[in-house]
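Participant: After the structure tokens below, expect a handful of questions from me.
The values are calculated or read from the model by the stated rules, or taken from the named source; none is laboratory data. Note that the structure is predicted; figures quoted are calculated from it, not measured. Positions of Cβ are generated from backbone atoms using ideal geometry, with glycine treated the same way; all protein chains shown enter the neighbour counts. These area figures cover heavy atoms from the full protein model, side chains too; ligands, DNA and RNA do not enter into them. Shrake-Rupley method; radii C 1.70, N 1.55, O 1.52, S 1.80 Å.
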Amino acid sequence: DMSVQKPVPYLLAPSLLIRDTGFAAAQRCDYSSQDDSKRYFNAGLYVVGTRHLTGSTYASLMAIAMSPPRASAYEPKRWSADQDVLNIYFDPWRGGRNRTVLPYDYNYIKRFHNWGHPRYRSCLRVWDARMVHIVGQKPWLEYAKRWKTDMQRYIIEVEDEWKRVHFADKTVVIGGGPSVTAPAGMYIDMFSRVVRVNDFNLRDTNTTGRKTTDVIIHQASRKADFSGLTREHIHLSSFGMNESSINARMQEPTGCGLNASQLTRLPPYYHTTLKQEMASAAGMAHNDAVRAVSTPAHPLTGTIAVAWALRTTPVRPVYFLGFDMMLGGSYEHGRQQLGSKVSKNSLLKFHRIKHDQAYLHKLQEAGQLQLLSVPTPATVRAAEIRGNHKSKTG
């Protein structure tokens, strides 16, 4: 939960940094040595020298932890474990060991970005900090599972800086489901690889983003804007069909208008072994899962796109968004995309949706795949109202 945004020269020479005191920690942005609460440091980052790595130091720290000599300066009604212990031990203003005070932007707590609060109006903005510390709830936690107080706009802005770093080497697979909502576009464009599915469109870039590095299609996919993609980045799942049949289907009036020479055909794994893996994930016995390979049903294109992304990058997790049907729950087949003409009967004829769902859930449980969680404007507004109300009443 720490993000390095700028060079940190002090930490490149820790022996010089703590030469005089043997211990250094970053101050608060409203630091004052005359105020217990304002000289209290967050223990997310500190530097300690060998002079303090002794049995005597450990015994002193344990003694404080077992019998605190005074209430916490951070939250007087409760004890904050190791952080309070360190703040009492390294507090020369009240008889403790000496410490070196580092600038606060070396441990920039996310709440420093709240310029609406009088305490933080003198702080730098998050994009000027050297090291950002995401205290409290973490940016990888789904927004639906958050405390409302951690959904305020200034916190979202801090987490966006963390995400620019975190997503920069990762892959996201984007479907066409109704869960692709504004403002997902800015987050999608942060990823190194953006994999689209079938007849994607980017007309509303605030929702869908602008970036596409790869697209996964099949012979029945409809028209999309493939103009910015080379052959190596348009991947066809052929389901074992021959080239002439594929070309004929794609050149139909409702087809995508491409031909096989403009595409890279995916290997047989995606319509054979992948089906077996999906059947196994759905709980089928081994022999039954093997027999599933020979059935006419095939994986959804979104499932193929996820499998392809996982097989072509070592970086985990791979993110996904827009696959409502593949997440199960109360979702109804045939409504996987606003305005879709795909019928329920067609989906049930050519796919075993429960197998796709089980496969994705298994990947999520293993940490291989993660849903891209996006804050909605309505949720942020509600958190702002709640936060403002608490400030006035508190």
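Participant: Looking only at residues in the range 142-155 that are outside any helix (DSSP H, G or I) and either surrounded by 14 or more Cβ atoms within 10 Å (Cβ to Cβ) or touching a His at 6+ places or on another chain (Cβ under 8 Å) (or both), which one is modelled with the highest pLDDT?
Facilitator: Q152
Participant: Could you please let me know if S343 is among the small types (G, A, S), touching a strand residue (DSSP E or B) at 6+ places or on another chain (Cβ under 9 Å), open to solvent by less than 70 Å² (accessible area, probe 1.4 Å) and at pLDDT below 95?
Facilitator: Answer is no for this residue.
Participant: Kindly indicate which of V158, V126, V135 is open to solvent by less than 40 Å² (accessible area, probe 1.4 Å), touching a Pro at 6+ places or on another chain (Cβ under 9 Å) and not charged (D, E, K, R).
Facilitator: V158
Participant: Would you confirm whether any residue within the range 226-236 is over 16 Å from F323 (Cβ atoms), in contact with a Cys (Cβ under 6 Å, 6 or more places away or on another chain), open to solvent by less than 20 Å² (accessible area, probe 1.4 Å) and not in a loop (DSSP other than H, G, I, E, B)?
Facilitator: The answer is no, given that none of the residues of the range 226-236 is over 16 Å from F323 (Cβ atoms), in contact with a Cys (Cβ under 6 Å, 6 or more places away or on another chain), open to solvent by less than 20 Å² (accessible area, probe 1.4 Å) and not in a loop (DSSP other than H, G, I, E, B).
Participant: While we're on this one: Are any of the residues in the range 201-208 of a type in the set (A, V, I, L, M), modelled with pLDDT of 95 or more and in contact with a Ser or Thr (Cβ under 8 Å, 6 or more places away or on another chain)?
Facilitator: no
Participant: Going by what's in this entry, would G302 be described as within 30 Å of L141 (Cα to Cα), surrounded by fewer than 13 Cβ atoms within 10 Å (Cβ to Cβ), in contact (Cβ under 8 Å) with a residue 40 or more places away in the chain and not aliphatic (A, V, I, L, M)?
Facilitator: In short, no.
Participant: Restricting to the range 163-182, what's the tally of residues that are open to solvent by 30 Å² or more (accessible area, probe 1.4 Å) and either in a strand (DSSP E or B) or of a type outside the set (V, I, T) (or both)?
Facilitator: Looking only at that region, the number is 8.
Participant: How many residues are without any contact (Cβ under 8 Å) to a residue 24 or more places away in the chain, surrounded by fewer than 21 Cβ atoms within 10 Å (Cβ to Cβ) and not hydrophobic (A, V, I, L, M, F, W, C) when one looks only at the range 189-213?
Facilitator: 6
Participant: Going by the structure shown, is Q336 more than 30 Å from E157 (Cα to Cα), crowded, with 18+ Cβ neighbours inside 10 Å and modelled with pLDDT under 65?
Facilitator: The answer is yes for Q336.
Participant: Every residue in the range 218-241 that is within 17 Å of T254 (Cα to Cα) and small (G, A, S), please.
Facilitator: Across the range 218-241, the qualifying residues are A220, S221, A224.
Participant: List every residue pair whose Cβ atoms lie under 7 Å apart, where the two residues are 6 or more positions apart in sequence or sit on different chains, the first residue falls within the range 346-363 and is hydroxyl-bearing (S, T, Y), and the second residue, located anywhere, is modelled with pLDDT of 95 or more.
Facilitator: Short answer, once both residue conditions are applied: Y359/E277; Y359/M278; Y359/A281; Y359/T303.
Participant: Among residues belonging to the range 38-92 that are open to solvent by 80 Å² or more (accessible area, probe 1.4 Å) and closer than 14 Å to T21 by Cα, point out the one that is nearest to the chain's Cα centre (by Cα).
Facilitator: The qualifying residue nearest to the chain's Cα centre (by Cα) is Y46.
Participant: A further question on this structure: Considering only the range 136-150, state which residues are touching a residue at least 24 places away in the same chain (Cβ under 8 Å), farther than 19 Å from L327 by Cβ and within 15 Å of the chain's Cα centre (by Cα).
Facilitator: Result: K138, P139.
Participant: Does the range 311-324 contain any residue that is in a helix (DSSP H, G or I), touching a Phe, Trp or Tyr at 6+ places or on another chain (Cβ under 7 Å) and either under 13 Å from N198 (Cβ atoms) or at pLDDT 75 or above (or both)?
Facilitator: yes
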